[in-house]
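Data first, discussion second: the structure below is written as structure tokens.
The values are calculated or read from the model by the stated rules, or taken from the named source; none is laboratory data. The model shown is predicted, which means the values in this text are computed figures rather than measured ones. FYI the Cβ positions are ideal-geometry reconstructions off the backbone, even for glycines, and counts take in every protein chain you see. Calculation scope for accessible area: heavy atoms of the full protein, side chains included, ligands and nucleic acids excluded. Shrake-Rupley method; radii C 1.70, N 1.55, O 1.52, S 1.80 Å.
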Amino acid sequence: TWKIIYLGCGTGLAGVVLRPFASELIGGDLSFKMLIRARARGIYDALYCEDLVRTLGRVTEVDLIVAADVLIYVGALDATFAASATALRPGGRLLFSVEDNPTADLTLQMSLRYSHGAGYVRRLAAEHGFEVERADAAVLRENNFEPIHGTIFMLRRD
């Protein structure tokens with residue numbers, strides 16, 4: 001089993017799926033009210049109400065970091081990649097989603113979410129010692145009945 005950090009864990013719903021694979025499950029989110037609901041699930045070993053970079057700074061030798069539908073609120077990802085590289089053990093993985101940006105590294109959209117270019121993500125991955133194992137196109141969600149296209153990345157720390 002793995003030491004897992006779930007960034008932007010919200011109410012902990014995906015934590016239910018992650019728990020069977022975790023020897024230690026750590027969650028982090030900015031919303032205290034969401035974390036109250038996550039704590040009620042009784043599946044987390046630790047929960048932190050703080051910025052994701054701060055949560056990443058609390059642990060080392062992590063096997064898996066999950067950031068599903070949270071980096072869209074971060075913007076520039078350099079600090080997140082650096083903190084993830086430090087927290088992960090060699091061979092550890094960073095799994096995350098981004099909304100696609102075909103024309104720029106990153107853009108703040110009218111939705112107040114950021115979109116990220118695949119080239120930007122790949123460049124940061126290389127700069128921080130990650131290998132891109134997978135980059136799969138996906139519909140991340142719908143907004144006003146319109147699909148929001150993105151990419152789910154799986155990076156491996158060298």
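(1) open to solvent by less than 70 Å² (accessible area, probe 1.4 Å); (2) touching a Leu at 6+ places or on another chain (Cβ under 8 Å); (3) closer than 24 Å to Glu24 by Cβ: which one isn't true of Val98, the others all being true?
Going through the list (1) open to solvent by less than 70 Å² (accessible area, probe 1.4 Å); (2) touching a Leu at 6+ places or on another chain (Cβ under 8 Å); (3) closer than 24 Å to Glu24 by Cβ, Val98 breaks only (3).
Between residues in the stretch 75-86 that are farther than 19 Å from Gly117 by Cβ and residues that are among the β-branched types (Val, Ile, Thr) and open to solvent by 10 Å² or more (accessible area, probe 1.4 Å), which pairs lie under 6 Å by C-beta distance while being six or more apart or on different chains?
Listed pairs, sorted by first residue: Ala83/Val53.
If a residue counts only when it is among the polar types (S, T, N, Q) and more than 22 Å from Ala137 (Cα to Cα), which helices (runs of 4 or more DSSP H) contained entirely in the stretch 31-109 have at least 2 such residues?
Values: elements: 32-40, 52-56, 78-87.
The qualifying helices (runs of 4 or more DSSP H) are 78-87.
Considering only the stretch 18-30, I want to know if a residue exists there that is more than 18 Å from Lys3 (Cβ to Cβ) and either in a strand (DSSP E or B) or open to solvent by less than 40 Å² (accessible area, probe 1.4 Å) (or both).
Yes, the conditions are met somewhere in the stretch 18-30.
Regarding Val121, is this residue open to solvent by less than 40 Å² (accessible area, probe 1.4 Å) and either under 25 Å from Ile26 (Cα atoms) or not small (Gly, Ala, Ser) (or both)?
On the way: open to solvent by less than 40 Å² (accessible area, probe 1.4 Å): yes; either under 25 Å from Ile26 (Cα atoms) or not small (Gly, Ala, Ser) (or both): yes.
Against the criterion (open to solvent by less than 40 Å² (accessible area, probe 1.4 Å) and either under 25 Å from Ile26 (Cα atoms) or not small (Gly, Ala, Ser) (or both)), Val121 qualifies.
When only residues in the stretch 87-144 that are modelled with pLDDT of 95 or more and among the acidic types (Asp, Glu) count, which is farthest from Lys3 (Cα to Cα)?
Of everything passing the filter in the stretch 87-144, Asp105 is farthest from Lys3 (Cα to Cα).
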